[in-house]
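**Q** Structure incoming, see below.
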Ligand code: UDP
Ligand code: MG
């Protein structure tokens, strides 16, 4: 088979897990090649996301030991999404298909066979979806599943329980290139590109070594970014809330005028304070959400580069 596959793997401070998983990835690649599903020219591309440990050294050594391993290094840490993007953009002209996957061994690499079969059946995007989260702690499972539900409620279309394990063809990547935004949320953007897609289900296991870079605070930030960069529904919610509160206030106004004429105007301190606090809170939230969008516009207008590659393990002619 002549299909050239590039497996794109973002790595940030992964010196503990890389020596274990790199072997798993290359075994998988050799198996796919010998099964005739992909070309011998396929590659495993590690994207070093400005690691502070020996991750880049390990990647360079891997590249020297086996030509199937290659790597690029970012000039500094820019976050998971940008690291994956850098790898995909690097691969789009050289590979026919790419599969992005985390380097910690949590995603089942055996799902790749089914992904590639789906590509040969005509799908251009294949989403890897976790069929169970039994190995995650209750807290991680609860927060992660709430994350997907909240995203969809807020108008950002995402595939439930799909993270960034996905097959994308170079054709889709070339269209994706035209999505120029700097606030990127890949799992919400690929559905917008369109083309025929499908899902492949797999069991997610525990991290093989090292620790997660996504604590609750980062996950909330990702959800917030995802929603505000893909949807304007929160703005609509504020408007609706404003209309409802205005309608209720109108009843309040009628009530106070009638009370005045009937002559029962008693000084109502508690009701005044409650109304002021409520309105103050609602207004602050409203302004905060607006500010969030203005901040996004600010970043988009500057249009700074989304990633900067400082090193490659190969020399481009
Ligand atoms: N990662 C990255 N840059 C970062 C944070 C994480 O490239 O700033 C990579 C990390 O090396 C891993 C993947 O993104 O391959 C997912 O991170 P992690 O496993 O920590 O997240 P979790 O699976 O716990 O959500
Ligand atoms: Mg992980």
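**Q** Quickly run through region 86-104 and pick out the residues that are within 16 Å of ligand 1 (Cβ to nearest atom), more than 18 Å from residue 161 (Cβ to Cβ) and in contact with a helix residue (DSSP H, G or I) (Cβ under 7 Å, 6 or more places away or on another chain).
**A** Answer for region 86-104, where residues must be within 16 Å of ligand 1 (Cβ to nearest atom), more than 18 Å from residue 161 (Cβ to Cβ) and in contact with a helix residue (DSSP H, G or I) (Cβ under 7 Å, 6 or more places away or on another chain): 88, 98, 103.
**Q** Only one residue in 42, 65, 51 is away from ligand 2 (no atom under 16 Å from the Cβ) and out of contact with any helix residue (DSSP H, G or I) (no Cβ under 7 Å at 6 or more places or on another chain), so which one is that?
**A** Result: 65 is the single residue among 42, 65, 51 that is away from ligand 2 (no atom under 16 Å from the Cβ) and out of contact with any helix residue (DSSP H, G or I) (no Cβ under 7 Å at 6 or more places or on another chain).
**Q** Taking the criterion of being buried (at least 16 other Cβ atoms within 10 Å of the Cβ), assigned to a strand (DSSP E or B) and at pLDDT 80 or above, would at least one residue in region 135-158 satisfy it?
**A** No; the residues of region 135-158 include none that is buried (at least 16 other Cβ atoms within 10 Å of the Cβ), assigned to a strand (DSSP E or B) and at pLDDT 80 or above.
**Q** For region 4-24, what are the residues that are surrounded by 24 or more Cβ atoms within 10 Å (Cβ to Cβ) and within 14 Å of ligand 2 (Cβ to nearest atom)?
**A** Scanning region 4-24 gives 9, 10, 11, 14, 18.
**Q** Before we move on, is residue 180 surrounded by fewer than 17 Cβ atoms within 10 Å (Cβ to Cβ), within 12 Å of ligand 1 (Cβ to nearest atom) and in a loop (DSSP other than H, G, I, E, B)?
**A** Judged against the criteria, residue 180 is not a match.
**Q** Return the pair list, or none, for Cβ contacts closer than 7 Å from residues in region 266-282 that are farther than 15 Å from residue 253 by Cβ to residues that are at pLDDT 75 or above and surrounded by 10 or more Cβ atoms within 10 Å (Cβ to Cβ), at least 6 apart or on different chains.
**A** 282/241; 282/245
**Q** Report yes if some residue within region 215-234 is within 16 Å of ligand 2 (Cβ to nearest atom), outside any helix (DSSP H, G or I), at pLDDT below 85 and out of contact with any helix residue (DSSP H, G or I) (no Cβ under 6 Å at 6 or more places or on another chain); otherwise report no.
**A** yes
**Q** May I ask you to list the residues in region 152-173 that are within 15 Å of ligand 1 (Cβ to nearest atom) and either more than 11 Å from the chain's Cα centre (by Cα) or under 20 Å from residue 11 (Cβ atoms) (or both)?
**A** 161, 163, 164, 165, 166
**Q** Then there is this: When region 75-84 is examined, which residues are found to be touching a helix residue (DSSP H, G or I) at 6+ places or on another chain (Cβ under 9 Å) and at pLDDT 95 or above?
**A** Hit for region 75-84 is 84, nothing else.
**Q** Run down 119, 127 and say which single residue is modelled with pLDDT of 85 or more and more than 27 Å from residue 227 (Cβ to Cβ).
**A** 119
The values are calculated or read from the model by the stated rules, or taken from the named source; none is laboratory data. These numbers were taken from a predicted model, which means no experiment stands behind them. When we count neighbours, we look across all protein chains shown, and the Cβ atoms used for this are built from the backbone with ideal geometry, even at glycine.
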